[in-house]
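All remarks here apply to the structure that follows.
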Amino acid sequence: MNDQSKIAPAASASPPFHEPGEMVIRNVNWAGTRALYAKEVRRFMKVQLQTIWAPAVTTLLFLVIFTIALGGANRQVLGVPFADFIAPGLIIMGMMNNAFANSSFALLVGKMQGTLIDYLMPPLSTGELLLGLVGAAVTRAIAVGLALWAAMALWPGVHVTPTHPWAIIWFGLMGSMLTAFAGVLTSIWAEKFDHAAAITNFVIGPMTLLSGTFYSIDRLAPVFRAISHANPFFYAISGFRYGFVAASDGDVMAGSIVLLVLNLALGLLCYALLRKGWKLKA
């Protein structure tokens, strides 16, 4: 009896189960993160004609116009036909632009419509919130990239057969994440749609078009070549192109390291601003 009386209180002091109906989240709230990710994906999939197919058609028009205007039957760049040279750059360009468009819209529309509380109140940590937003933006980029690749694969005179799949996957993800993080920063900073449009028109657009998508930077003057090397979009486009044509006008390994470091830096900056609630919390 004495032994049993000593053991019983100790066992009852630490119940093995929580009370029924008591929700306990351990480590990572995967269910909440999946719910946010699914919400963001459904948001752009409900208007996929505008968010996926329209950008794919617009980018495909770049291919048609530039190959007709500048291509020529015998023109080659980096030892490959001009159409094969610009096709991979157009694919990653469309991916990066749409990753930025998706992530820059999420929190900003919450500010404009007064629904920002829907992002801040759920039991999600800062990292989980960032993961859901960036994951959805990268998903949209992949959808646009697959649509463009399928269209270009069927286009006569264009060859987009993968040569180095690892480079396509790595630089596709790194480039999409780069603009996705930039979109989150824009969404945090912007107070109206004009602010986000300004970043798109005066930062993202020029950096994308002036990154060697339509030309090889080896043909530029030394000053402009140095400026191109300072453009992070150049490394994403050059490395992604290497995955298709096995030729690059930049160091592929150096570009992969630069993009990794930039993504880590932007990710930490987004995390710090979201955690602080800058321009998000009163």
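Give the residues of region 155-168 that are touching a residue at least 12 places away in the same chain (Cβ under 8 Å) and either farther than 27 Å from L264 by Cα or surrounded by fewer than 21 Cβ atoms within 10 Å (Cβ to Cβ) (or both), sorted by residue number.
Result: W155, G157, V158, H159, V160, T161, P162, T163, H164, P165, W166.
Given the residues A69, A83, which is the only one that is under 26 Å from the mean Cα position of the chain (by Cα) and assigned to a helix (DSSP H, G or I)?
It is A83.
Would you say T179 is polar (S, T, N, Q), touching a residue at least 40 places away in the same chain (Cβ under 8 Å), in contact with a helix residue (DSSP H, G or I) (Cβ under 7 Å, 6 or more places away or on another chain) and not in a helix (DSSP H, G or I)?
For T179, the condition - polar (S, T, N, Q), touching a residue at least 40 places away in the same chain (Cβ under 8 Å), in contact with a helix residue (DSSP H, G or I) (Cβ under 7 Å, 6 or more places away or on another chain) and not in a helix (DSSP H, G or I) - is not met.
Quick test for you: out of L130, L173, pick the one residue that is within 18 Å of L269 (Cα to Cα) and modelled with pLDDT of 95 or more.
L130
Please enumerate the residues belonging to region 213-230 that are part of a loop (DSSP other than H, G, I, E, B), over 22 Å from V138 (Cα atoms) and in contact with a helix residue (DSSP H, G or I) (Cβ under 7 Å, 6 or more places away or on another chain).
Correct list: F214, L220.
If L146 meets every condition in (1) surrounded by 14 or more Cβ atoms within 10 Å (Cβ to Cβ); (2) within 14 Å of R241 (Cα to Cα) apart from one, which number is that one?
L146 satisfies every listed condition except (2).
Under 9 Å by Cβ, and 6 or more places apart or on different chains, what pairs join a residue from region 263-282 that is closer than 15 Å to L108 by Cα with one that is basic (K, R) and surrounded by 13 or more Cβ atoms within 10 Å (Cβ to Cβ)?
Hits for this filter: L273/K279; K279/K111; L280/K111.
Kindly check whether there is at least one residue in region 193-201 that is without any contact (Cβ under 8 Å) to a residue 60 or more places away in the chain, polar (S, T, N, Q) and not in a loop (DSSP other than H, G, I, E, B).
Within region 193-201, one or more residues are without any contact (Cβ under 8 Å) to a residue 60 or more places away in the chain, polar (S, T, N, Q) and not in a loop (DSSP other than H, G, I, E, B).
Take region 238-273 and flag every residue that is under 15 Å from I169 (Cβ atoms) and of a type outside the set (G, A, S).
Within region 238-273, F240, R241, Y242, F244, V252, L259, L260, N263 qualify.
Among the residues that make up region 231-253, is at least one of them within 20 Å of the chain's Cα centre (by Cα) and outside any helix (DSSP H, G or I)?
yes
Collect the residues in region 246-278 that are within 20 Å of M95 (Cα to Cα), out of contact with any Ser or Thr (no Cβ under 7 Å at 6 or more places or on another chain) and surrounded by 21 or more Cβ atoms within 10 Å (Cβ to Cβ), keeping them in residue-number order.
Hit for region 246-278 is L259, nothing else.
Could you identify the single residue in M93, M112, M152 that is surrounded by fewer than 18 Cβ atoms within 10 Å (Cβ to Cβ) and assigned to a helix (DSSP H, G or I)?
M112
The values are calculated or read from the model by the stated rules, or taken from the named source; none is laboratory data. Source: prediction; values computed, not measured. Reconstructed Cβ throughout: ideal geometry from the backbone, glycine too, with neighbour counts over all protein chains shown.
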